[in-house]
Each structure stands twice: as structure tokens, then as C-alpha cells.
Amino acid sequence: MDKRSLGQSGPEVSAVGIGGMSFSNFYAKTSEAEAHAVLDAALDLGVDHIDTANVYGAGGSESAIGTFLRRYRGGGQIPFRIATKASIRHDLNTGARSFDNSRAHLEAELDHSLKLLGVERVDLFYVHRRDTRFEIEEVTETLAGFVRAGKIGAIGFSEIAPASLRRAAAVHPVAAVQSEYSLSTRAPELGLVQACEALGTALVAFSPVGRALLTDTPPTKARVAQSGFLSSNPRFTGANLARNLAATDPFRALARDMGVAAASLAIAWVLAQSPAAIAIPGTRSVAHLRELAAGGAMRLDPEAMARIETCLPVGWAHGARYSDAQAIGPEHYC
């Protein structure tokens with residue numbers, strides 16, 4: 001497994017990590033036992049960092065990770081670098097979503113996450129979504145205070161624009177920016193990849209296999225219907241699902257021709273785009289985790305990259321990556 005730096009002066013972590021959203025019933029029902037099986041397998045594969053958030057399953061993801069880590073609390077060193085996020089509020093009565101970047105909210109949520117995880121400190125703490133009531137410089141100062149307090153090792157932001165990253169980095173080093181990045185979502189190439197490289201910031205790519213479109217077992221109508229997110233996402237609804245399945249069939253054929261899993265090839269492509277890139281796919285399956293981790297050891301030569309681009313040229317996907325409701329929060333910069 002290749003290693004990449006989690007920020008300019010951050011620790012070296014595996015180029016492929018684990019996205020903790022899959023431990024939260026977000027895409028389909030899961031269990032703590034499934035999460036623990038994935039984490040055990042991750043250690044065997046050299047995958048050494050986990051990315052989670054307080055809103056994943058209303059704390060369910062952090063709780064599952066926390067119970068796994070109990071075995072190390074008697075003095076054993078925790079074998080994962082852990083990142084978590086906060087700032088999204090959900091109204092339990094109306095279901096409405098809002099964002100809160102205030103110091104009081106972020107610190108309270110961080111403290112709650114530390115309790116659920118059973119740790120005194122996380123390696124990385126992200127602001128999950130920007131709250132426009134607060135300038136990013138002020139929010140960065142808040143996060144820097146958590147570093148000084150010893151609660152977090154480094155700071156990050158999720159789904160921000162390159163210009164916002166530069167403003168934040170002028171206040172305090174930003175170890176990581178999290179953004180959706182894959183063969184099906186390439187917006188980061190229009191400034192974010194470049195800004196991360198220039199500033200020594202890791203670009204942590206979530207959904208690097210296109211929410212399973214870029215795998216050998218892409219979503220079916222039945223699986224989409226079981227997911228509240230996918231069933232309202234433009235790429236998986238109406239005629240777009242069939243169009244996107246047809247569009248990705250040549251990619252699966254290419255992977256078979258190369259003797260690898262489609263998921264492995266998709267991960268290897270993301271990592272080949274920049275030395276700053278780190279992929280955090282999510283999965284509930286140990287077998288699928290092995291495919292994902294294999295991508296972290298692949299080397300793609302120019303011929304392979306060209307064949308991939310021929311199969312899936314930029315702009316191939318049918319439908320936006322988010323619905324109008326899902327798109328509230330991420331900063332748009334292109």
C-alpha cells in the first residue's frame with residue numbers, strides 16, 4: 001500500500017483509507033459486526049486511516065468505530081489515524097438541514113465525537129460545510145484553537161472552493177480538503193487539485209468509485225430504491241441510471257482486460273491524478289475492501305491512463321452529482 005502525507009507536515013497514511021459513511025445505514029442497512037469486520041480487514045491490508053463524521057447515522061458511525069477501538073484502550077496504540085467532521089445540524093422534527101460554524105457548536109460536537117470514539121484526540125478535524133455567517137478566517141482560528149488545546153492534530157475543510165482554501169491557509173496550515181473526486185466527478189481538476197498541491201494540502205477524495213458506478217457491481221434499481229440518498233440523486237434516477245450503467249460498461253470491460261477489478265482501477269486513477277490525492281472509499285464488504293485497497297498499490301502507465309480516458313472522457317456522466325437539495329452547502333467554484 002502506497003503512503004501519502006496528510007498535509008505538509010502531517011503523518012504518512014495509506015493512500016487508501018476508509019470512509020465511515022458506510023457504517024451508518026446511509027446507502028443500505030449495516031451492522032456493527034460488519035463495520036468491525038471491515039476494520040479488521042483494513043489493518044491486514046495496510047489501510048491505516050478512517051474518515052467519519054458526527055452526522056453519519058446520527059453518531060452511529062463514530063460509535064461503531066469507538067467500540068472497535070476499545071480493544072486498544074488498555075495501553076495499546078490505536079492503529080488508525082482518525083478524522084471526523086462537524087457543522088451540519090439536522091432538525092429532528094422537520095428534517096431540515098443547516099450549518100453552524102460557531103466555536104460553541106464545533107467544540108461541543110468535537111467533544112461529543114471524542115466521547116463516541118473513545119479517544120482524547122483525533123488526528124484531523126474538518127468543518128463539514130461552510131456557514132456563510134462566519135468568514136473562513138474566523139473559522140480557521142477556531143480550529144487552530146482546538147489544535148492548541150490538544151484535541152485535534154490538524155485542521156481541514158470539506159467541499160470548499162480553492163479561493164476559500166487559500167484564505168484559510170493564510171491563517172493556519174490546512175492539512176486536508178475533502179471533495180468528491182472520481183472519474184465521474186472531475187470538478188476538483190478546475191483549481192482545487194492545483195491549490196492543494198501548491199499549499200501542501202492533502203486532497204481527500206470521497207466517493208472515488210462514483211457511488212459504485214465504477215465497480216463490477218454497480219447499483220441496480222432495487223438497490224437505489226433502498227437508499228434515500230441515491231433514490232433522489234440525479235445520476236441514479238429516471239433514465240439516467242440506465243444511461244450511466246451503459247456508459248460505464250466499457251470501463252468494466254477494460255478492467256477485465258487488464259486483469260483487475262473495476263473498483264481497483266477507479267481508485268488507481270484517482271491516486272494517479274496528483275501526489276496530494278488520498279482516496280477514502282466506503283464499503284460494508286471485506287471482499288470489496290480488498291478490491292479498493294488493491295488500487296492503492298497499482299501503477300498506471302500513460303497507455304493505461306489513455307485507455308481509461310477513452311472509456312470515460314471528462315463530462316461523460318448523465319445527471320448532476322447532487323440534486324438541488326443535496327447541493328446546498330458545497331461551495332461552487334466552476
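The values are calculated or read from the model by the stated rules, or taken from the named source; none is laboratory data. Quick caveat: nothing in here was measured; it's all calculated off a predicted structure. Methodologically, a virtual Cβ is constructed for each residue, glycine included, from the backbone with ideal geometry; neighbour enumeration extends over all protein chains shown.
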Out of (1) part of a loop (DSSP other than H, G, I, E, B); (2) buried (at least 21 other Cβ atoms within 10 Å of the Cβ); (3) among the charged types (D, E, K, R), what's the single condition that is false for K29?
(2)
Identify all residues within region 274-285 that are over 16 Å from the mean Cα position of the chain (by Cα) and at pLDDT below 95; write none if there are none.
S285
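Taking the residues in region 77-103 that are part of a loop (DSSP other than H, G, I, E, B) and among the charged types (D, E, K, R) as candidates, determine which candidate is modelled with the highest pLDDT.
Pass one, region 77-103, residues part of a loop (DSSP other than H, G, I, E, B): 77-80, 87, 91-96, 100-102.
Those left that are additionally among the charged types (D, E, K, R): 91, 100.
Details: D91: 77, D100: 96.
Filtering region 77-103 for residues that are part of a loop (DSSP other than H, G, I, E, B) and among the charged types (D, E, K, R), the one modelled with the highest pLDDT comes out as D100.
Out of everything in region 279-332 that is in a helix (DSSP H, G or I) and among the β-branched types (V, I, T), what residue ends up being farthest from G259 (Cα to Cα)?
Narrowing region 279-332 to residues in a helix (DSSP H, G or I): 286-297, 302-311.
Among the residues that remain, those that are also among the β-branched types (V, I, T) are: 286, 308, 310.
Values: V286: 20, I308: 14, T310: 18 Å.
Looking at residues that are in a helix (DSSP H, G or I) and among the β-branched types (V, I, T), I get V286.
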Exactly one condition in (1) under 14 Å from I18 (Cα atoms); (2) surrounded by fewer than 24 Cβ atoms within 10 Å (Cβ to Cβ) is not met by I278; state its number.
(2)
In the list I50, I82, I78, which residue meets the criterion of being surrounded by fewer than 20 Cβ atoms within 10 Å (Cβ to Cβ) and either under 20 Å from G17 (Cα atoms) or among the β-branched types (V, I, T) (or both)?
I78
